[in-house]
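**Q** Let me begin by handing over the structure; questions about it come next.
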Amino acid sequence: MADCIAAISTPMASGGVSMIRISGTDALTVAAKVFTPKYPAHDIEKMDGYTAAYGDIAADGAKLDDGVLLIFRAPHSYTGENTAEITCHGGIHVTRRVLQAVLAAGARMAQAGEFTKQALVNGKLSLTEAEGVIDLINAGSDQLLSCARAQTDGALYRRIETLCEQIIAITSEIAVWIDYPDESEDEDEIAKADWLKSVTAVKENIDSLIATYECGAILRDGIAAAIVGKPNAGKSTLMNLLTGVQKSIVTDIEGTTRDIVEDTVQLGDIMLKLADCAGIRETDDTVENIGVQRMIDRIGTAQLILAVFDGSRELSDDDKRLIGLLSDKTVIPIINKSDLETRADTAYIEDKLGKAVIISAKTGDGAEMLEQAIKQRCGISKLDPAAGFLANERQRQCALSAQAAVNRAYNALYGGMTADVAGLELEAALSSLYELSGKTASEEVIDRIFSRFCVGK
């Protein structure tokens, strides 16, 4: 019997139904050994693709359950091979027994991600589209779902293909020039100028592609955000507002928060890894000073700083010290206590840190504006999933390798080196892009990618 794989493709938990997927040349033969259609009876191996049958599921002549068999015929299936899906009742034991019956009938247990790997091998998916499948499964927000859907639909693959076509066009022209050099120096210089212009366009397109990585990483992994400010500026109240629970202790006593209080919150499509830090101030309290130093350390590692200022008070030396610490950071200045008379120098804050958000952490006023400011500051609002973007570190490293090669090609042309040097560098860039799309990815890389999948996918 030809190679045929099978696995449970639904979660291993009690539920309404479970599904066992079988894929391979002999998938229908295996299915016929454990499933008997009725009402009316069917010959499973003669059933058309995209048809279903109701019947009995049995092992060694003993009925296990009744269920539904769904047939997909090659090449019009997810894997590109004959596929049968048996749906039974969703008990853990009965599901395992059905799988055991399928394996006894001639299938072998699928490895992690092997169904999707079959789809890759059979040309149903590119490597970037396959990576989009796991992102689709793990999507935790509407925007992540939209991004993953765009990946599985080939948005990134098409973007890479466009880049490859641009590079191939340039290398083809260079190859012709090498084989049939023009005797005119003027025409030679014109040709090199045209190549330089084309390489510049490729360089800009690759730079733009690499810039998409940070947005994708933020959506996928979240962003580490530190809430900083003076004591009693409203940091802990803001923490409680964002988390929806009384996570941080709030009192009128300065220095109440002495250590970092952490929590994770889904703010729209963005997962914020929040840290409520001790207030910055000069103090003789040894413990509080440790908390202040930890706050300063957290500023150095945080991806986003939510700098809270008490809008009802004039800026103090501690406020200005904090502003100095944040000069080269990604910051959203927050003027808190909008429910009170404003006395803080908002213009000074915005001049140093950028556009401020006016809120009342106590009443919740301005919370929506803060959410929009976070999206804009992180660049999420500019992300267009349909245009294709880099979704993981493997893709980024391939793109960086292509970028470096294109930069070398540009420098070769700009520096007056021979065109064949630029041509070789462009071929190196092309190789990196092929690895990115999966056209030349190694078996080791492919195996590593699919190890992230569940067994049934």
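**Q** Residues with amide H under 5 Å of THR10's amide H, sequence separation 5 or more or different chain, H placed in the peptide plane at 1.01 Å from N; which?
**A** For THR10, the qualifying residues are MET19.
**Q** Now, a different point. To test your reading of the geometry: what angle, between 0 and 90 degrees and rounded to tens, separates the Cα axis of helix 286-301 from the longest principal axis of the chain?
**A** Helix 286-301 and the main axis of the chain meet at about 50 degrees.
**Q** Also: Give the relative contact order (percent, whole number) for the stretch 4-110; include only Cα pairs under 8 Å separated by 6+ residues.
**A** 36 percent
**Q** Helix-only mean residue ellipticity at 222 nm, the chain, DSSP H runs n ≥ 4 weighted -39,500 (n - 2.57), per residue, nearest 500. What is it?
**A** -15500 deg cm²/dmol
**Q** Roughly how many whole Å is it from the C-alpha centroid of the stretch 1-59 to that of the stretch 406-457?
**A** After rounding, the separation between the Cα centres reads 41 Å.
**Q** Helix 185-221 versus the longest principal axis of the chain: what is the Cα-based angle in degrees, 0 to 90, to the nearest 10?
**A** Orientation of helix 185-221: about 80 degrees from the principal axis.
**Q** Using alpha-carbon pairs under 8 Å, 6+ residues apart, how would you state the relative contact order of the chain in percent?
**A** Normalised by residue count, the contact order of the chain is 16 percent.
**Q** Okay, moving on. Calculate how large, on average over all directions, the projected area of the Cα convex hull of the chain is; give the answer in nm² to one decimal.
**A** Its Cα hull, projected and averaged over all orientations, spans 31.1 nm².
**Q** Still on this structure, please answer the following. Go through 301-310, 90-99 and give me the packing order, highest mean Cβ count within 10 Å leading.
**A** The packing order, highest mean first, is 301-310, 90-99.
**Q** Please compute the net charge surrounding PRO75, taking Lys and Arg as +1 and Asp and Glu as -1 over other residues with Cβ under 12 Å from its Cβ.
**A** +1
**Q** Where does helix 127-138 land angle-wise versus the long Cα axis of the chain, in degrees 0 to 90, nearest 10?
**A** So the inclination is approximately 70 degrees.
**Q** Over 24 Å between C-alpha atoms is what I'm after, so list which of LYS203/LYS329; LYS33/LYS117; LYS117/LYS439; LYS192/LYS439; LYS203/LYS273; LYS33/LYS124 land there.
**A** Flagged as over cut-off: LYS203/LYS329; LYS33/LYS117; LYS192/LYS439; LYS203/LYS273; LYS33/LYS124.
**Q** Right, here's the next one. How much net charge surrounds GLN166 when only other residues with a Cβ under 15 Å from its Cβ are counted (Lys, Arg +1; Asp, Glu -1)?
**A** Neighbourhood net charge equals -4.
The numbers here are math on the coordinates, done by the rules we state, and not lab data. Bear in mind that the values here come from a model prediction, so they are computed numbers and not experimental data. Every residue, glycine among them, receives a Cβ derived from its backbone with ideal geometry; neighbour counts consider all protein chains shown.
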